[in-house]
1. Give me a comma-separated list of calculated 3J(HN,Hα) values for region 345-359, in order, Karplus coefficients 6.51, -1.76, 1.60 applied at θ = phi - 60°, integers in Hz, x for any Gly or Pro.
2. Which peptide among 67-78, 279-290 comes first, and what is the full order, when sorted by highest mean count of other Cβ atoms within 10 Å?
3. For every other residue with a beta carbon closer than 11 angstrom to the beta carbon of residue 158, add +1 if it is Lys or Arg and -1 if Asp or Glu, then tell me the sum.
4. Please list log₁₀ I(q)/I(0) at q = 0.19, 0.24 Å⁻¹ for region 126-230, using the Debye equation with identical point scatterers on the alpha-carbon positions.
5. Between residue 4 and residue 52, how high is the FRET efficiency from 1/(1 + (r/R0)^6) when r is the Cβ-Cβ distance and R₀ = 25 Å? Nearest 0.05.
6. Residue by residue through region 69-80, which ³J(HN,Hα) values in whole Hz follow from phi under the Karplus form 6.51 cos²θ - 1.76 cosθ + 1.60 (θ = phi - 60°), with glycine and proline marked x?
7. If you place +1 on the Cβ of every Lys and Arg and -1 on the Cβ of every Asp and Glu, how big does the dipole about the Cα centre of region 122-221 come out, in debye to the nearest 20?
8. Which of the residue pairs 97/282; 46/145; 46/282; 97/207; 160/207 have a Cα-Cα distance greater than 18 Å in the structure shown?
Amino acid sequence: MCITYDTHQHNVENIYGECGEPYFCPVTHFTPEHPRAGIVDIPEFKPSRLIRTSDMAVVRGSDVHAPYYALSYSWEQSGIIVQGDDSENSARVDNSKHHIISHPKNKEDEQVSSVPVNTRSVTFEGLIQQICQDFDFQYIWYDQKCTIRKNPDDKRREVKDMHRIFRHAQCTVVLIPELHVVEQYISSSSFPRRANVEVISTSEWSKHVWTLNESLVSERLLFIGRDVHLWSYVYDRSNPFQTVTFVNQDSFKFLYDICTTSKDPFLASALLWHARRRNCTKNHDRIFALASLFPNIAEVLPFDYSRDLYAAMLHFYGLLAQQDLSLLCFGCPMKDQDDSNDLLDEMKLLPSWTGVFGHHGTTAAGARTIGSMWYHESYVSTASNTTWTVNGQFLQLTCNCIYASIERNAYEPYGSFKCVGHYEREFSVPSGSSHLIFNVRLDEQQLCTAHYADGFFLKDTHWLPVMVDSGQEKDEDGGYYKWVNNTITPTHSGGALLLVDVDCTECIILTGIVFDKNASSKAMPVIKQNDDGYYCCIGVCLLDGYAAAYHYPEPEREQTFIIV
């Protein structure tokens, strides 16, 4: 796949992708984020090597006394990728098939003609040089020229420093060849053009685990398309909850979250949700790209491509579990056939607490975005007596818990259940459904209007009947059951189980660990006991969060579990 770059560039003015008049040399139209618009700080950290864009020569980073830029791109779009003997070895073939479109200037008014007169074929290196000249970037870093790929020690050092390289760059240049001006929107706005900015979230660039890493650690981003560019401050300064008319809502959230400069530590479950759906050239990169986002993990995890892949994965997940228990927030994917990558053989050997046999839950309400990617102390809360340690494949966890049972086909008729009491309406429940025998006592008005399994982008596998206290005649259990309906927007529910093991009949809810989705719901890890006496993680229990306290059917107990 090759890239076409037009020197006749438009600048995106707002979150809708609307553009002003084009101009030939972008550097003459400074934006607030452009380095030449103000004082530039020379970063203390410099990569080992940089590219001097005037002649594309490789120079030592320590000899450069100027800001540098970093390039984020998809390898597949830089040339033809030739696979080696195995998936761990590949090479890029550059046949000078990238294109640069140039435009003449009118002699009378020095304006740039909109009619292209010259299209030349260049190498990927020539394409990057043209972009850097147009934007006045004197030094740039990108892996193909600044890493000695055939030298294992050099590659290991560069990969480990990747987060520093992109974090200290004056700007990260992101190549999005799919981004361009959309002509049909000319008459829909006071702006002369609109760019298809929503394509960024579905572009080839967005499908790789390393580019996810690079965008998240960068201070600012410059997205460069065929004939348009977008500075990240356009989205960073916008309202993340703003209603978007032209731009797909999911795309807007994606752009906002990778463009924001107010970034807290990363949330493990959200990162793993997105990493699962991204590709990598080498299998080890799936671990190394995530590890470099956590400085304390990057310091102790060997970035060694010759290391056994299973050992590297187990080591990484163990370090991650020690610092962020949102690793346990996973369940059954919402779709039977999800768009995630197939499990590697090595991943199938990992313990259950890594969540690889399910799908980690994001906390972005109802969207496949990086929303709520950032870790907040209130998201994962643990009781004071909750402790845990990791030793190899074993997670030893001590916390409060309650036991619950699951019954299948326990109620007749299978087609529907009538809600009694204040709400006289029928709820449709599919035949063969399962129900959690775990009675939560709530007042009538405290029932939520919907459960929020879709907020985690996971599928509810079992429904929770809620025992409602009322003044009417009560059944033998002392209350009335309410059931969630099976419509697109559930009406009433006490909660649900989101499990990867849908056939289990007994489970344990770890009430000492709570994942706070929002004010309307909360989730807790669910485990079950294996035949060998050890335990395994099988998902989460999601409960209505409106009630200040839940009356469990039995007192919580403190217990120690060895989870494998």
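1. Once rounded to whole Hz, the list reads 4, 5, 5, 5, 8, 6, x, 5, 5, 6, x, 6, 8, x, 10.
2. Working: 67-78: 21.7, 279-290: 20.0.
Peptide ranking by packing, descending: 67-78, 279-290.
3. Working: positive: 49, 149, 155, 156, 157, 160, 164; negative: 143, 153, 154, 161.
Cβ neighbours under 11 Å give a net charge of +3.
4. -1.08, -1.39
5. Values: r = 25 Å, r/R0 = 1.01.
It comes to 0.50.
6. Running phi through 6.51 cos²θ - 1.76 cosθ + 1.60 with θ = phi - 60° gives 10, 10, 10, 10, 7, 8, 4, 4, 9, 9, x, 8 Hz.
7. Details: 13 positive and 14 negative charges, 72 e Å.
Using Cβ point charges on Lys, Arg, Asp and Glu, region 122-221 gives about 340 debye.
8. Details: 97/282 26 Å; 46/145 15 Å; 46/282 26 Å; 97/207 23 Å; 160/207 21 Å.
Where the Cα-Cα span goes over 18 Å, the pairs concerned are 97/282; 46/282; 97/207; 160/207.
Laboratory data are not the source of any read-out in this text; all were calculated from the coordinates shown. Nothing here was measured: the structure is a model prediction, and the numbers come from that model. Note: ideal-geometry Cβ built from the backbone for every residue, glycine included; neighbour counts use all protein chains shown.
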